[in-house]
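Working notes, structure below.
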Amino acid sequence: MGDYEEIFSASVSDRERFWLDAAGALDWHRAPAKALDDSRPPFYRWFPDGELNVCHNALDRHVEAGRGDQAALVYDSPVTGAKSVHSYRRLRDEVAVFAGVLRDLGVGTGDRVVIYMPMVPEAAVAMLACARLGAVHSVVFGGFAARELAVRIDDAAPTVVVSASCGIEGSRVIEYKPLLDAAVGMASHKPLKNVILQRPQARAELGERDVDWASACAAASPAAPVPVQSTDPLYVLYTSGTTGKPKGVVRDSGGYATALTWSMSNVYDVGPGQTLFTASDVGWVVGHSYIVYAPLLAGATSVLYEGKPVGTPDAGQFWRVASEYGVRSMFTAPTAFRALKKEDPEGTHARGYDLSALKYLFLAGERLDPETYRWASELLGIPVIDHWWQTETGWPIVANPAGIELLPVKPGSPTRPLPGWDIQVLDGDGKPVPPGTNGAIVAKLPMPPGALPTLWNDDERFLSSYMSAFEGYYLTGDGGYLDEDGYLYVMGRTDDVINVAGHRLSTGGMEEVLASHPDVAECAVIGVADQLKGQVPRGFVVLKSGVDAAADGYTSRLRAELVQLVRDQVGAVASLKDVAVVAALPKTRSGKILRKAMRNIAEGTEEPVPSTIEDASVLDALRPALRKE
Ligand code: COA
Ligand code: AMP
């Protein structure tokens with residue numbers, strides 16, 4: 001039996017012992033005696049009697065153990081030319097002071113703080129400062145527009161919002177303060193204060209509600225870590241569901257810290273003093289887990305990179321960063337590698353750099369297509385590890401566990417489930433399907449530590465979204481199959497969620513925006529395959545009767561308005577660039593729009609049209625628009 005099999009079976013035969021042992025890697029204020037509270041399924045709670053502080057575990061603990069001078073956070077920003085290194089001591093001290101700022105502004109244990117920040121070290125400082133106080137942060141990705149921020153502010157009801165004067169997108173300076181002001185204006189909930197980090201690229205006008213980051217830090221005294229229950233929330237991270245209202249995924253403290261710490265050595269093979277470079281954004285779960293918390297919990301060095309894989313200024317930046325900081329494991333989304341491949345197919349930019357420290361490339365966030373897998377493997381000559389997970393799970397579900405043993409790779413599959421995950425594929429009746437047959441990918445409950453215990457203030461939605469389709473199982477929302485060797489193949493979402501350049505977006509949310517246009521009677525947004533971004537959204541609108549679509553220039557004007565509307569209301573990151581005006585949308589007899597059938601035609605994978613279609617001629621008439629003929 002290989003090491004993987006052995007460790008996996010230990011996690012099954014005595015689950016509680018397995019995770020209590022893993023929890024032993026942390027400093028507990030009160031060590032847990034019990035691993036799992038399973039008294040109220042499906043609301044499972046890990047380490048119910050444990051108490052700890054996650055920030056203490058990420059910072060103070062390492063300083064006390066003699067790692068104070070080691071690099072904790074390296075900031076590298078080709079878009080501004082800035083670089084800095086925070087040692088563990090410096091990071092602890094800055095976090096303690098910023099926690100003092102938040103405390104003085106009235107933030108206490110359990111209070112929420114919304115963080116709307118670009119990729120600067122202060123974003124991590126703000127997150128860790130919340131953790132230090134036992135406050136709950138909710139980071140909102142900088143690419144979301146004011147309305148999305150407002151929805152999150154209303155749901156999380158933060159005491160304070162932390163933001164910056166601007167972010168940098170390639171060569172563009174994006175001012176954040178006007179977006180924040182607009183969001184606070186729109187939201188019914190008003191935070192007491194906004195703390196604003198002034199960046200030299202654009203200075204924000206500060207108003208009555210605003211506090212300047214630097215002056216507040218100069219006036220504050222450091223705050224000590226506050227122990228919290230293991231089951232207390234560390235953060236809420238909103239993610240796209242099927243409607244325009246995002247889901248507030250709750251993350252607990254002790255379970256998450258345990259799972260992340262375990263994953264650093266066993267999955268990513270990065271230990272204390274070694275370097276992990278995760279090219280993502282702190283606004284996504286990948287950034288929460290593998291830019292901020294996991295590397296710091298493990299006493300490793302994390303690289304926070306403010307730039308893109310290409311164009312900032314060239315396709316050599318990942319390799320420069322990897323060689324400059326001796327990166328051992330690198331993690332990004334496949335789309336970043338497709339962008340590199342497009343820009344630099346021969347990989348010439350990698351040649352001048354010493355990449356001898358780089359041992360693994362991890363990719364997640366969307367399906368890793370075999371072509372990109374091959375290109376990256378040949379370019380780097382190291383294991384390229386596809387792994388599958390979600391905002392909801394907080395850490396990988398299926399991955400080649402590099403720190404345990406490397407399993408043989410089958411391109412197109414992230415390999416096999418990690419310890420703690422009982423992954424099955426079910427048919428519509430909840431029966432397991434034979435190997436090789438597609439179905440709904442589910443996780444048998446209870447899930448291991450780290451996975452979401454519920455949705456913020458919404459147990460009902462937690463139950464209806466994830467727990468009610470198949471009793472005793474968590475519905476991942478992904479479809480796919482297991483093969484005879486237990487390898488999982490994730491083929492795509494089974495709901496209205498799409499993945500655009502590794503960014504998770506809701507087509508339902510975009511439809512709500514299109515439908516708000518006064519000329520639109522009904523609409524559909526579908527995600528279609530895209531060479532670079534994996535998927536891109538395409539919109540189809542039916543006009544209200546009486547609208548004069550034949551008027552000169554009307555259609556192109558309407559399309560431009562709709563594209564702009566989604567950009568303004570969801571954000572540029574939605575990447576909706578293509579909207580077609582059509583006569584009708586294909587529906588089932590019960591009135592449900594047949595988005596999947598539309599997608600099949602758009603992607604050229606002709607599959608039988610569902611027999612429930614009300615009028616097949618509508619779909620036929622739509623063919624040229626779908627195929628762009
Ligand atoms: N703030 C403001 N705007 C943002 C933003 C942010 N934080 N992030 C993205 N945007 C904007 C982009 O500037 C772009 O605007 P445009 O339409 O005016 O050009 C738009 O949102 C779409 O962004 P994106 O889909 O990222 O496309 P891109 O062309 O800028 O870059 C890649 C394409 C592949 C290079 C880029 O998506 C990438 O590096 N992805 C890496 C994967 C990743 O980070 N995934 C996250 C989860 S692991
Ligand atoms: P997010 O919650 O933003 O991390 O997005 C999670 C979704 O991204 C999953 O439900 C999948 O649809 C997709 N995804 C993530 N990783 C992979 C992967 N390795 N292979 C296929 N799909 C993936």
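Return yes or no: is Asp354 surrounded by fewer than 24 Cβ atoms within 10 Å (Cβ to Cβ) and within 16 Å of ligand 2 (Cβ to nearest atom)? No: the conditions fail for Asp354.
Grab the strands (runs of 3 or more DSSP E) fully contained in the range 508-602, keeping just those with 2 or more residues being open to solvent by 50 Å² or more (accessible area, probe 1.4 Å). First the steps, then the outcome.
Working: elements: 520-530, 534-543, 579-581.
Per the criteria, 520-530.
For the range 118-152, the set of residues classified as of a type outside the set (Gly, Ala, Ser) and more than 17 Å from the chain's Cα centre (by Cα) consists of Val120, Pro121, Glu122, Val125, Leu128, Cys130, Arg132, Leu133, Val136, Arg147, Val151, listed by residue number.
Screening the candidates Ala216, Ala204, Ala223 for the property of being in the same structural domain as Ala300 (by TED's automatic domain parsing), in a loop (DSSP other than H, G, I, E, B) and open to solvent by 10 Å² or more (accessible area, probe 1.4 Å) yields one hit, Ala204.
Would you mind finding the one in Pro158, Pro118 that is open to solvent by less than 10 Å² (accessible area, probe 1.4 Å) and either hydrophobic (A, V, I, L, M, F, W, C) or more than 19 Å from Ala216 (Cα to Cα) (or both)? Show your work before the answer.
Details: Pro158 fails: either hydrophobic (A, V, I, L, M, F, W, C) or more than 19 Å from Ala216 (Cα to Cα) (or both).
Checking each option against the conditions leaves just Pro118.
Residues in the range 293-314 that are crowded, with 24+ Cβ neighbours inside 10 Å, touching a Ser or Thr at 6+ places or on another chain (Cβ under 8 Å) and among the aliphatic types (A, V, I, L, M): 5 in all. Select from the range 243-272 the residues that are in contact with a Phe, Trp or Tyr (Cβ under 7 Å, 6 or more places away or on another chain) and modelled with pLDDT under 95 and list them in ascending order. Correct list: Pro246 only. Considered as a group, the residues in the range 357-376 that are open to solvent by 70 Å² or more (accessible area, probe 1.4 Å) and under 16 Å from His387 (Cβ atoms) include one that is nearest to ligand 2 (Cβ to nearest atom), and that residue is Arg367. What's the number of the only condition in (1) part of a loop (DSSP other than H, G, I, E, B); (2) within 15 Å of ligand 2 (Cβ to nearest atom); (3) open to solvent by less than 40 Å² (accessible area, probe 1.4 Å) that Gly480 fails to meet? Among (1) part of a loop (DSSP other than H, G, I, E, B); (2) within 15 Å of ligand 2 (Cβ to nearest atom); (3) open to solvent by less than 40 Å² (accessible area, probe 1.4 Å), Gly480 violates only (1). Scanning the range 450-472 for residues that are of a type outside the set (A, V, I, L, M), open to solvent by less than 70 Å² (accessible area, probe 1.4 Å) and either outside the structural domain of Ser289 (by TED's automatic domain parsing) or not in a helix (DSSP H, G or I) (or both) yields Gly450, Pro453, Thr454, Trp456, Asp458, Phe470, Gly472. Every condition in (1) within 26 Å of the chain's Cα centre (by Cα); (2) closer than 25 Å to Thr231 by Cβ; (3) open to solvent by 10 Å² or more (accessible area, probe 1.4 Å) holds for Gly108 except the one numbered (1).
Yes/no per residue for (1) touching a residue at least 40 places away in the same chain (Cβ under 8 Å); (2) under 23 Å from Val327 (Cα atoms):
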site: Gly2; (1), (2): yes, no
site: Trp28; (1), (2): yes, no
site: Arg40; (1), (2): no, no
site: Glu51; (1), (2): yes, no
site: His62; (1), (2): yes, yes
site: Gln70; (1), (2): yes, yes
site: Asp76; (1), (2): yes, yes
site: His86; (1), (2): no, yes
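When you check Glu378 against the structure, is it within 10 Å of ligand 1 (Cβ to nearest atom) and not assigned by TED's automatic domain parsing to the domain that holds Lys444, yes or no?
On the way: within 10 Å of ligand 1 (Cβ to nearest atom): no; not assigned by TED's automatic domain parsing to the domain that holds Lys444: yes.
So Glu378 fails the test.
The values are calculated or read from the model by the stated rules, or taken from the named source; none is laboratory data. Note that the coordinates shown come from a computational prediction; the quantities given were computed from them, not determined experimentally. Heads up, the Cβs are rebuilt from the backbone with ideal geometry, glycines too, and the neighbour counts pull from every protein chain shown. Only protein heavy atoms, including side chains, enter the accessible area calculation; ligands, DNA and RNA are left aside. Shrake-Rupley method; radii C 1.70, N 1.55, O 1.52, S 1.80 Å.
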